[in-house]
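A short worksheet on the structure shown next.
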Amino acid sequence: MSNTLLTQDTGKVRTLTFNRPEKKNAFTHAMYEAATEALRQADADPAIHVVVLTGAGGVFTSGNDIGDFVEHPVTGEDSAVFRFLRTLVDLAKPLVAVVDGPAVGIGTTMLLHCDYVLASDRARFAMPFINLALCPEGASSVLLPRQAGMALASELLLFGEPFDAETALRARIINRVVPAAQLAEVTAERTQALAAKPLGALQVTKSLLRDSMRSEVNGTLRREGAEFVKRLHSDEAREALMAFMNRKK
């Protein structure tokens, strides 16, 4: 794998680590492609029972690298980011996320496709799509209201403001908040406990939990994707993205 995505096996657990700490693990086109391939490989490997997503350097991911995003614009369903999202939806094995520090944009919405999410007490979340004149992605417009309730989902998506781990817990985006100093220990205990279960039973149970909404999720991914591409070509989005890049400089 690319050095921006590290892979490590511990027993039956495969951990994929986003590894661009100097850029707060911001996703590039190449990282989406690497992560998609790594997820598919883990899903096909009979020795692996559980897949874990995490980030290096005390950051989960700051979302899209805006410079790279402008250079490799999303053009449709075959774009790297949408292939990554569909792979998350289709993954047969349990998917765990371990969040320390910021989880921005797709860093938050990808958690909605995970089966178990641990977060440190210093984790921070945001879905700032509206601040960039964009729209929700990752099927968050259907999954978040279902999990958080319409009132809280509307607040988080319409304001696009950062929120803490306790709010993420209340929104049911995450399962558990852990003191940062204990995150590695709890992660090891929980993932090994999950990996010790019979693989066939894990996969069937996940399928039964998620299959009833798979068609709705995939349909929402397509609708959000089409609107996202339209928004990217709007004057509002061009102005907002340029302003963001100028602030970064």
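With respect to residue 104, is the statement that it is at pLDDT below 95 and farther than 22 Å from residue 182 by Cα true?
On the way: at pLDDT below 95: no; farther than 22 Å from residue 182 by Cα: yes.
No, not satisfied.
Here's the yes/no breakdown for (1) part of a strand (DSSP E or B); (2) out of contact with any helix residue (DSSP H, G or I) (no Cβ under 7 Å at 6 or more places or on another chain); (3) more than 17 Å from residue 191 (Cα to Cα); (4) of a type outside the set (Asp, Glu):
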| position | (1), (2), (3), (4) |
| --- | --- |
| 85 | no, no, yes, yes |
| 88 | no, no, yes, yes |
| 107 | no, yes, yes, yes |
| 112 | no, no, yes, yes |
| 118 | yes, no, no, yes |
| 122 | no, no, yes, yes |
| 125 | yes, no, yes, yes |
| 129 | no, yes, yes, yes |
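Does the range 236-244 contain at least one residue that is in a helix (DSSP H, G or I), surrounded by 15 or more Cβ atoms within 10 Å (Cβ to Cβ), of a type outside the set (A, V, I, L, M, F, W, C) and in contact with a Leu (Cβ under 9 Å, 6 or more places away or on another chain)?
No: the range 236-244 contains no residue that is in a helix (DSSP H, G or I), surrounded by 15 or more Cβ atoms within 10 Å (Cβ to Cβ), of a type outside the set (A, V, I, L, M, F, W, C) and in contact with a Leu (Cβ under 9 Å, 6 or more places away or on another chain).
Quick test of your reading of the structure: residue 203 fulfils all but one of (1) free of Cβ contacts under 8 Å to residues at least 24 places away in the same chain; (2) under 22 Å from the mean Cα position of the chain (by Cα). Name the failing condition by number.
(1)
If I filter the range 18-26 for residues that are crowded, with 16+ Cβ neighbours inside 10 Å, closer than 22 Å to residue 188 by Cα and aromatic (Phe, Trp, Tyr), do I get at least one hit?
Scanning the range 18-26, I find at least one residue that is crowded, with 16+ Cβ neighbours inside 10 Å, closer than 22 Å to residue 188 by Cα and aromatic (Phe, Trp, Tyr), so the answer is yes.
Considering 148, 103, which residue is surrounded by 23 or more Cβ atoms within 10 Å (Cβ to Cβ) and either within 17 Å of the chain's Cα centre (by Cα) or under 22 Å from residue 37 (Cα atoms) (or both)?
103
Can you confirm whether residue 104 is of a type in the set (Val, Ile, Thr), farther than 22 Å from residue 196 by Cα and in contact (Cβ under 8 Å) with a residue 40 or more places away in the chain?
Numbers: of a type in the set (Val, Ile, Thr): yes; farther than 22 Å from residue 196 by Cα: yes; in contact (Cβ under 8 Å) with a residue 40 or more places away in the chain: yes.
Yes, satisfied.
I'm trying to understand the selection: among the residues of the range 36-83, which are in a loop (DSSP other than H, G, I, E, B), over 20 Å from residue 191 (Cβ atoms) and charged (D, E, K, R)?
65, 77, 78, listed by residue number.
The values are calculated or read from the model by the stated rules, or taken from the named source; none is laboratory data. The model shown is predicted, which means the values in this text are computed figures rather than measured ones. Neighbour counts run over all protein chains shown; Cβ positions are idealised from the backbone, glycine included.
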